Number of protein chains: 4
Amino acid sequence: MPRPKSDEKRSAIIAAATRVVSAEGLGASTASIAKEAGIANGSLFTYFETKTDLLNQLYLELKIEMAAAAMRGLAESGDLHDQFFQIWRNWTSWAVSHSEKRQALAQLSVCDELTSETRLAGHRTMAAIAELLERIRRNGPMNETPMAFLMTLMNSVAESTMDFMRQDPRRAKQHCRTGFEAVWRMVA
Amino acid sequence: MPRPKSDEKRSAIIAAATRVVSAEGLGASTASIAKEAGIANGSLFTYFETKTDLLNQLYLELKIEMAAAAMRGLAESGDLHDQFFQIWRNWTSWAVSHSEKRQALAQLSVCDELTSETRLAGHRTMAAIAELLERIRRNGPMNETPMAFLMTLMNSVAESTMDFMRQDPRRAKQHCRTGFEAVWRMVA
Amino acid sequence: MPRPKSDEKRSAIIAAATRVVSAEGLGASTASIAKEAGIANGSLFTYFETKTDLLNQLYLELKIEMAAAAMRGLAESGDLHDQFFQIWRNWTSWAVSHSEKRQALAQLSVCDELTSETRLAGHRTMAAIAELLERIRRNGPMNETPMAFLMTLMNSVAESTMDFMRQDPRRAKQHCRTGFEAVWRMVA
Amino acid sequence: MPRPKSDEKRSAIIAAATRVVSAEGLGASTASIAKEAGIANGSLFTYFETKTDLLNQLYLELKIEMAAAAMRGLAESGDLHDQFFQIWRNWTSWAVSHSEKRQALAQLSVCDELTSETRLAGHRTMAAIAELLERIRRNGPMNETPMAFLMTLMNSVAESTMDFMRQDPRRAKQHCRTGFEAVWRMVA
DNA sequence: CATGAATGAGTGTTCATTCAT
DNA sequence: AATGAATGAACACTCATTCAT
């Protein structure tokens, strides 16, 4: 795969797509994304073969950033509860403070055009969290449940939590805690 | 009296839209919906002023059907746990056995064009479930959490459960139970 | 030609068409005309075979009414100048006080769908005026000019006069006189 | 630099629109105009944002061309009568020999979608003629009449004259003269 | 490599007319 | 005769993608 000349321009497109998709949804035109990125209409296709390709890459990139944010500053040791809570806090507060990114991600998550590879890679992004969750549930009531199911469950609770934190920012901290404890009760 | 606007035809459009939206997403063309319904292109607009209007009505209709299915045969008495489980089982099994409807509903739930009235009416659909949940959590750890948050949480766990039941139908029953118990631990 | 049962309904359509065409132009839909007339969509076609047919008849009817208004109360005798001025005054003041009719007529006059028969019949409507004009010009500078040309000239001056009277109603009377005198100088 | 927006193509569209509008009226479809211009359906919108925009520009362009034709070769000096007659001759003969342009212009003149700016600019086109007319009428019977009224009057006589010249080309020259003299008697 | 004009299939919606009731 | 639902060809306009410059 030939690396395109300007990584800077690629990033500009990704950033523009984030903004435009979060504002206009997946129906946003490639033209409007290019304009937002400050490049020409057709140049977008130098960096991304098709619109679908762009959406796939955007999804993955946002997923990766989100996971990285969740893991930021995680102590290797420490008890599971604290480690998990720190991740939860990182995760949800990233979502609140990067609302365009999260909104774009939410739109992309329901996009028909994501390939299964992209989705898979997206899930792998959360491997570290999955491992932690695995250890948490080991002696809990869900120790027989497929991990994939568990991850989905956790994810969906996280999403709900984030939505509430955004809608009611004054009590964001409290909602964060509430969501966390709900998950903890579910699995631990 | 001329040919009366036929309920049958309206239903055919709604049914066609369900199928087409579940297969192609919200981008499905009104033409393809009309074709699927076996009517002329323009006739769709006799029954629904605009595509947006159709989507709103479809959403509401599916939501109502889903809620009705969930409540089917519910004993007025009985303990909360059993009542809730019955609902949960009704609900998730409706979703599994009407996967097109559920998929369409999933697409519609993220549709930008739903009016807030439609969404509100959609939520009201679940009022009976909400009441039950209210009584369940009364003495539980979430008795201070806003009901709206709780409902969202429950909903998202239900969605995840349904997804798993569909993906792995051989163990659908078990996944159903697992999801239920997870929610119960969260709130009760 | 079978006379339709209800002349009243036919008139209602003609009146409605006048209003709607004057407001929306020739692009006005038959549906909106029917609605304005208080009848059903399809009933319009009981009275007029096609939209074109309606427009043709409307044109003619308005032309006839306009001509009748122009001739109203005309003394058989009296000198040409006075007779002509009376007609001119009748004519332009009808236009000003029936602005919807005149506007509709103006739209219709440039309509591609008028048949040549309709146009011809429209012109015949003005026969009495033509005769008068014929006598007026007899010893004037235009005694060799084809009458058709003369009529067209007079008509277009009348139209301009009416426009000005409508635009500037406070000096309507004066504009009426100015237009009249201009024509008189042209032909007499 | 990419393919530059070609003036040639813009002109082709304008020319095509002239032909198609003169033949089919303002209802002519953008598709038929594009086809006549030999370009793709959507390319028309590269050059003109909307159909309305195209019609506005077409009107103005034709008006400008017409005015330029009228003024062609005008002697700065010479008496008013001769100057005005030359303009009149230029003007009417342009109309006769560019009948598509004139017909299109006639349609456009009654188009509801022309902006008032376009109309204003269209009138300014005739400023030089207006000035001449102003000087002509100075000592004549219409020296108190608003110039706008006078211009409208002159215009409508010119239109009638052109119509007759076209209908009866063998006597075009004579009709031209007749029309001119009629105007002259009106104002001078 | 960058540009933006060119393309043409596709969109939601309208409308004159027909016809079952 | 009256109704208004049904029809399907148009319509103005959009857009992902290509390609001449």
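Remarks
- Rounded to the nearest 20, the size of the Cβ-charge dipole of the protein assembly as shown about its Cα centre is 60 debye, with Lys and Arg at +1 and Asp and Glu at -1.
- Relative to the longest principal axis of the Cα atoms of chain A, the long axis of helix A:51-71 lies at roughly 40 degrees.
- As a length-normalised measure over Cα pairs under 8 Å and 6 or more apart, the relative contact order of chain C settles at 21 percent.
- Approximate spin-label separation C:Glu113-C:Asn139, in nm, with each point projected 7 Å along Cα-to-Cβ: 5.0 nm
- Kirkwood-type radius of the range A:1-79, with distances r between different C-alpha atoms, in Å: 13.7 Å
- Restricting the range C:39-102 to GluC sites (Glu not before Pro) in coil, as DSSP defines it, with at most 13 other Cβ within 10 Å: C:Glu49, C:Glu76
- In this rough spin-label picture, where each label sits 7 Å from Cα along the Cβ direction, the A:Ala23-C:Arg171 distance is 5.2 nm.
- Ascending list, in nanometres, of distances separating the B:Ser97 label from those of the other copies (7 Å, Cα toward Cβ): 5.0, 7.7, 8.5
- Charge dipole magnitude, Cβ of K and R +1, D and E -1 - chain B, Cα centre, debye nearest 20: 420 debye
- Spatial extent of chain C: Rg and Dmax, with the Cα atoms as the point set, Å: 18.1, 56
- Using the Karplus relation 6.51 cos²θ - 1.76 cosθ + 1.60 with θ = phi - 60°, the per-residue 3J(HN,Hα) values for the range D:134-142 come to 4, 5, 5, 7, 3, 9, x, x, 9 Hz, with x marking Gly and Pro.
- Note on the protein assembly as shown: percent of Cα-Cα distances in each 10 Å bin, starting at 0 and stopping at the bin with the largest distance, equals 2, 10, 16, 16, 12, 10, 11, 10, 7, 4, 1, 0.
- Working note: 222 nm ellipticity from helices only, DSSP H runs with n ≥ 4, each -39,500 (n - 2.57), summed and divided by the residues of the protein assembly as shown, gives -23500 deg cm²/dmol to the nearest 500.
- Relative contact order of the range D:67-121: 29 percent, from C-alpha pairs under 8 Å at least 6 residues apart in sequence.
- Look at the stretch C:145-155: the mean tally of other chain Cβ atoms within 10 Å of its residues' Cβ atoms is 5.
- Within the range D:1-104, the trypsin sites (Lys or Arg not before Pro) that combine a DSSP coil assignment with at most 15 other C-beta atoms in a 10 angstrom radius are D:Lys5, D:Arg72.
- Shielding value for B:101-114 is 1, the average number of Cβ atoms from other chains within 10 Å of each residue's Cβ.
- Farthest toward positive dipole pole in the range B:78-188 [+1 Lys/Arg, -1 Asp/Glu at C-beta], among B:Ala188, B:Phe84, B:Thr178: B:Thr178
- Nearest-0.05 FRET efficiency for D:Asp82 and B:Asp53, computed from C-beta distance (R0 60 Å): 0.30
- Of the trypsin sites (Lys or Arg not before Pro) found in the range B:116-188, the ones in coil according to DSSP and having at most 14 other Cβ atoms within 10 Å of their Cβ are B:Arg138.
- Computed from the C-beta positions of D:Ala148 and A:Leu120 and an R0 of 60 Å, the FRET efficiency is 0.20 to the nearest 0.05.
- Peptide D:159-165 shows a mean partner chain C-beta count of 4 within 10 Å per residue C-beta.
- Computed label-point distance, nm, for sites A:Glu100 and D:Thr46 using a 7 Å Cα→Cβ extension: 3.1 nm
No lab work stands behind these numbers, since they all come straight from the coordinates. The shown structure was predicted, so the numbers you read here are calculated from the model rather than taken from an experiment. All Cβ positions, glycine included, derive from the backbone under ideal geometry; neighbour counts span all protein chains shown.
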